[in-house]
Every structure is written in structure tokens, then in C-alpha cells.
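Following: one structure in C-alpha cells, then a few remarks.
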Amino acid sequence: VRMHIKCRGGFYPRTDDKVPRAEVPDDKVEWSAPFPDYTPKQYTAPHILAGPVYADPDIGNMHGRTGITGRGALGRWGPNHAADPIVTRWKIAGNLVVKGETGKPILQFVCIQRRDCGDWAIPGGMVDPGEQVSATLLREFLEEALNSLEMTEDDKNRTEKKLKDFFKAGEEVYRGYVDDRRNTDNAWMETVAYNFHENDQGGLLYSLNLHAGDDAQAVKWQDISSQINLYASHRDFIQKVAENQNAHW
Ligand code: RP5
Ligand code: MG
Ligand code: MG
């Protein structure tokens, strides 16, 4: 097909000829052609801003410039969907919950070190096409924090079974744009972050055998406080979890 014949020039449809498109000459259609004077208007129709069910919520910063176009290292144009499992337990010494300087109990979360940049992060990953977010959350946790990819089929099934119910009772912490270093003007990360919390001292999570796998090169229980520094927007998600659980930050 010939590109940008009907979607170029004149006014944007259904705007009563009030929203003009910026002039784009034939030889400036391609993104690869330099065009420093290109200053298109931003427009979203009022009926879209009103938020019908099929429209994205207004997630703000995806409109901003990142200084680079194309897809970068991301596979998809537009949003690239991920899921982040934030698995938490109370820090204990003996059978006492340890408290921070705030007098509040210290929460710990399962934190992995990313192989791509060495940053510490939530063990999240991409939602596969057609995959339920709830399945991604458990799968990525198994892969990155428990190395399920290198388990025997039996061990994998046993571990999955052990965690399945625990992963049913999560709380949504965040949904939307992620400030990921891979983002470009045309491709960016979005995530759904869930908190799975074990309140029971000595419960299920205290006997987990953490073992980094796939795109994680290390894994640990990380004490939560404002001192932590994490990949992308993960620190914000963790802060929210600390607040929700009334934990030390
Ligand atoms: C971040 O990238 C998300 O929050 C998620 O943690 C991660 C997904 O990408 P990969 O870990 O698959 O590279 O933006
Ligand atoms: Mg992964
Ligand atoms: Mg990952």
C-alpha cells in the first residue's frame, strides 16, 4: 500500500476542521528523513478522553520525548506489556519481627539482579501473547527467582503447586507506564505489579529455596527501606507496598 495518503494533510476527521495536521512533504514521510521543523499538534478526541471501556487510561508520560525513535531493544511498537510479582514477608530474627528506625516492622521482598544491566529489580517479565497476567506473575517468579527452567519436570510441578494458591491472593499495586531504560518514543514498557504477601512467620516463604535463573544472575531477600535503589520504576512500586503493609520505609 502507498503510505500516508489519506492520513496526511488537511484536518483531522470529526474535528469540524479545527485540528489541522502538520504539513508533511512526500520526501519527509519516512522517519529516517531529517525534518527538524516537524512540530505536529497533539490531539486526543474528547470522546476518547472521556474513557470508554475500549480506551487506554490516560497514563501520562508515554507522550514525552525520549530522544530516540524506533523500537530500540523492545519487540513491539507501542506498549510492551510486563508483569511484576512483588513477593513479601516480614523480616524475623529468632521469632521476633525486626523493626526499623521508624519503629515499624521491616518487610523483605524477593529481589533479583538483572543480567542485562546489573541493576537489582523485581523478578518481572513480559506477558506472552494470549497469556493471563496472573500466569505471567507466577511463571516469571518461578523462572527468575527459583530457576524453574533448569528444574526437572517433577520439581517444577511440585514448586508450582506449592505456590499456586499463594499467588491467587495478590493485591494490585500499580498498572501503567514504566520508566524503563529501553523505552523509545515509539515503544515503551507498561506493567501490572502485584504484591503477594506472607503474613505468617515461618510460613511458606521462609522455606523457599531461592535460585536465580533465566535473565536474573542473582536473587536475595531484600530488606525494604528508602535506601534501596532499583531498576526502572520498581522503587516506587516497593514504596507503595511498604505503605500498604504499614511497614518500615
Ligand atoms: C520492566 O521490565 C518491568 O517492570 C519488568 O520488571 C521488566 C520486564 O522486562 P524483562 O525483565 O523481560 O526484560 O520495565
Ligand atoms: Mg523473565
Ligand atoms: Mg525479567
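Odds and ends about this structure:
- Residue check, Asp185 in a loop (DSSP other than H, G, I, E, B) and of a type in the set (D, E, K, R): yes
- Residue within the stretch 195-211 that is among the acidic types (Asp, Glu), out of contact with any His (no Cβ under 8 Å at 6 or more places or on another chain), within 16 Å of ligand 3 (Cβ to nearest atom) and in a loop (DSSP other than H, G, I, E, B) present: no
- Residue under evaluation Pro129, criteria (1) farther than 26 Å from Gln201 by Cβ; (2) at pLDDT 95 or above; (3) not charged (D, E, K, R), criterion not met: (2)
- Residues of the stretch 119-130 satisfying the condition of being without any contact (Cβ under 8 Å) to a residue 60 or more places away in the chain and either within 7 Å of ligand 1 (Cβ to nearest atom) or closer than 18 Å to Leu210 by Cβ (or both): Met126
- All positions within the stretch 1-47 that are under 21 Å from Asp185 (Cα atoms) and among the β-branched types (Val, Ile, Thr): Val24, Val29, Thr39, Thr44
For (1) assigned to a strand (DSSP E or B); (2) in contact with a strand residue (DSSP E or B) (Cβ under 8 Å, 6 or more places away or on another chain); (3) farther than 30 Å from Gln217 by Cα, each residue gets a yes or a no:
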site: Ile5; (1), (2), (3): no, no, yes
site: Asp16; (1), (2), (3): no, no, yes
site: Trp31; (1), (2), (3): no, no, yes
site: His47; (1), (2), (3): no, no, yes
site: Ile68; (1), (2), (3): no, no, no
site: Thr88; (1), (2), (3): yes, yes, no
site: Cys111; (1), (2), (3): yes, yes, no
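The values are calculated or read from the model by the stated rules, or taken from the named source; none is laboratory data. Computed from a predicted structure; not experimentally measured. Positions of Cβ are backbone-derived with ideal geometry, glycine not excepted, and every protein chain shown enters the neighbour counts.
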